[in-house]
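One structure is given here, and the rest of the page talks about it.
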Amino acid sequence: MIGYVTIGVSDMGRAKQFYADLLADLGAKVLMDMERIAFIGKSMGTPMLAVCTPYDQQPNHPGNGNMVAINPGSKEMVDKLYHKAIELGATCDGEPGQRIPDRFYGAYIRDPDGNKVAFFHFG
């Protein structure tokens, strides 16, 4: 149902590199780069993450309450992506851990532009 989610960034080169490196273990890469916007994912037919500089040419601002949530398939991959994000320059917004016993495991980061990203696993 979701085609892609777009987040605003201040530095396209940095954002493309950050997300391509971060999501490479999930099989994602930059699929289409149109200078102002780039689509990162496994294929154009599956959900993607798009990074872009704002169309109105004003500074990007992370939304309050907005978040991109990525399900990498296991608790181990949640941990791996969280630590990789931190190594790539993200900041912690909630270390990996069980949030709801036996139901929800998650970790939260802020990318270099301040956008909030969650890595999660149900079960």
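The values are calculated or read from the model by the stated rules, or taken from the named source; none is laboratory data. In this text the structure is predicted, and so the values were computed from the model without any measurement. All Cβ positions, glycine included, derive from the backbone under ideal geometry; neighbour counts span all protein chains shown.
Residues in segment 79-115 that are in a strand (DSSP E or B) and among the small types (Gly, Ala, Ser): Gly94, Gly97, Gly106, Ala107. Restricted to segment 77-98, and to residues there that are surrounded by 13 or more Cβ atoms within 10 Å (Cβ to Cβ) and charged (D, E, K, R), the residue that is nearest to Arg14 (Cα to Cα) is Lys84. So which residues in segment 91-111 are at pLDDT 95 or above and among the basic types (Lys, Arg), if there are any at all? Selection gives Arg110 alone. When the test is whether a residue is modelled with pLDDT of 95 or more and on the phi > 0 side of the Ramachandran plot, Gly114 passes it.
Taking segment 41-60 as the range and being of a type outside the set (S, T, N, Q) and either within 15 Å of Gly114 (Cβ to Cβ) or in contact with a Lys or Arg (Cβ under 7 Å, 6 or more places away or on another chain) (or both) as the test, the residues that pass are Val51, Cys52, Pro54, Pro59. Counting only residues that are under 12 Å from the mean Cα position of the chain (by Cα) and over 19 Å from Tyr19 (Cβ atoms), segment 85-121 holds 0 of them.
Here's the yes/no breakdown for (1) among the charged types (D, E, K, R); (2) touching a helix residue (DSSP H, G or I) at 6+ places or on another chain (Cβ under 9 Å):
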site	(1), (2)
Met67	no, no
Gly73	no, yes
Met77	no, yes
Ala85	no, yes
Leu88	no, yes
Glu95	yes, yes
Pro101	no, no
Ala107	no, yes
